[in-house]
Amino acid sequence: MVELKAIATEQRNPNTMNIDTLSTLDMVKLINQEDHSVAEAVSLVTEQIARAVDLIAGQLSRGGRLIYCGAGTSGRLGILDAVECPPTYSTEPEMVQALMAGGYPAIFKAVEGAEDSKELGVQDMRNIHFTGKDVLVGIAASGRTPYVLGCMEYARELGAPTIAVTCCPGSVLDSYADIGIAPAPGPEVITGSTRMKSGTAQKMVLNMLSTGAMIKLGKVYGNLMVDVKPSNEKLIQRCVSIVCAATGCEDAAAKAALEQCEYRPKAAIVMILLGVSAQEAQAMLEKAGGRIAKVLEK
């Protein structure tokens, strides 16, 4: 395995050598300036991201699951992406999951040695009953974390598709993956602090993977999150706003339709636009695979 000191994420950044001597304002401006390189780095790997989105959407549409795995910052980013899917898209919690080296305690505090064990990764995969129907996304800024490599090896043995998200093109993890996504934002502001530019790049990629897959699955109409789960007052009001935006109706009409269909924005939109009952709207959506646009086709 490549030595840590030799990989891109561990190099010293020549632009920030004297950051400790700067005024607070200049320090913050320098960090922001370095962050500008992140979006550009991600823009160079959009083809790989698009391929990964199609792969993920395909597996999910056939009843598979999207599983993230990682350690440290990378693991926490996977968890963040996974836990936001149910409230945003009304997915079942099992559909998108994240494995973290060291388990639940490691979310808040480092668990010594957890990321260094391939065996721990394999055991975690077995614990969630990972199968060849699922898709695994291994996340590691360095592209060399043993825990993630263990998960990837296990997935490959089962014939499941694998995706790598790193910040080191040509890494070991890349070689384990069917699709390697490796934006290279350059050395960190603070040498080796991959929670910064690398973490931001990974977050951007994960946003695209999950959002893109959900769009492909019909959980978005236009740019509206029409499968949002109304689990709190803010989201209940968002449902009303979404229905109004999609149909041009007033709040009262949106609320009336939502109350008839158990606050399912997709059904309410179809009800209002086509003048059908909640039951008819739901049947139409099921026939169209949940896609409003397909229901409205003439």
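If the condition is being part of a loop (DSSP other than H, G, I, E, B), aliphatic (A, V, I, L, M) and closer than 15 Å to GLY290 by Cα, then region 244-278 contributes no residue at all. The sole residue among ILE179, ILE139, ILE128 that is of a type in the set (Val, Ile, Thr) and surrounded by fewer than 18 Cβ atoms within 10 Å (Cβ to Cβ) is ILE128. Here GLY222, GLY218 are screened, and the one residue that is in contact (Cβ under 8 Å) with a residue 12 or more places away in the chain, buried (at least 16 other Cβ atoms within 10 Å of the Cβ) and either more than 30 Å from LEU136 (Cβ to Cβ) or under 22 Å from the mean Cα position of the chain (by Cα) (or both) is GLY218.
Would a scan of region 127-140 turn up a residue that is part of a helix (DSSP H, G or I), in the same structural domain as SER175 (by TED's automatic domain parsing) and more than 24 Å from MET225 (Cα to Cα)?
Taking region 127-140 as the starting set, the residues that turn out to be part of a helix (DSSP H, G or I) are 127.
Then keep just the ones that are in the same structural domain as SER175 (by TED's automatic domain parsing); that gives 127.
If we keep only those that are more than 24 Å from MET225 (Cα to Cα) as well, we get 127.
Yes, because at least one residue in region 127-140 is part of a helix (DSSP H, G or I), in the same structural domain as SER175 (by TED's automatic domain parsing) and more than 24 Å from MET225 (Cα to Cα).
The listed residues are ALA98, ALA106, ALA52, and the only one of them that is crowded, with 22+ Cβ neighbours inside 10 Å and assigned to a helix (DSSP H, G or I) turns out to be ALA52.
In this structure, is PRO169 in contact with a strand residue (DSSP E or B) (Cβ under 9 Å, 6 or more places away or on another chain), assigned by TED's automatic domain parsing to the domain that holds GLU119 and surrounded by fewer than 24 Cβ atoms within 10 Å (Cβ to Cβ)? I'd like the intermediate steps shown before the answer.
On the way: in contact with a strand residue (DSSP E or B) (Cβ under 9 Å, 6 or more places away or on another chain): yes; assigned by TED's automatic domain parsing to the domain that holds GLU119: yes; surrounded by fewer than 24 Cβ atoms within 10 Å (Cβ to Cβ): yes.
Yes; evaluated as a whole, the condition is true for this residue.
Residues of region 31-49 that are of a type in the set (A, V, I, L, M, F, W, C) and either under 14 Å from GLY186 (Cα atoms) or not in a helix (DSSP H, G or I) (or both): ILE31, VAL38, ALA39, ALA41, VAL42, LEU44, VAL45.
The values are calculated or read from the model by the stated rules, or taken from the named source; none is laboratory data. The model shown is predicted, which means the values in this text are computed figures rather than measured ones. Every residue, glycine among them, receives a Cβ derived from its backbone with ideal geometry; neighbour counts consider all protein chains shown.
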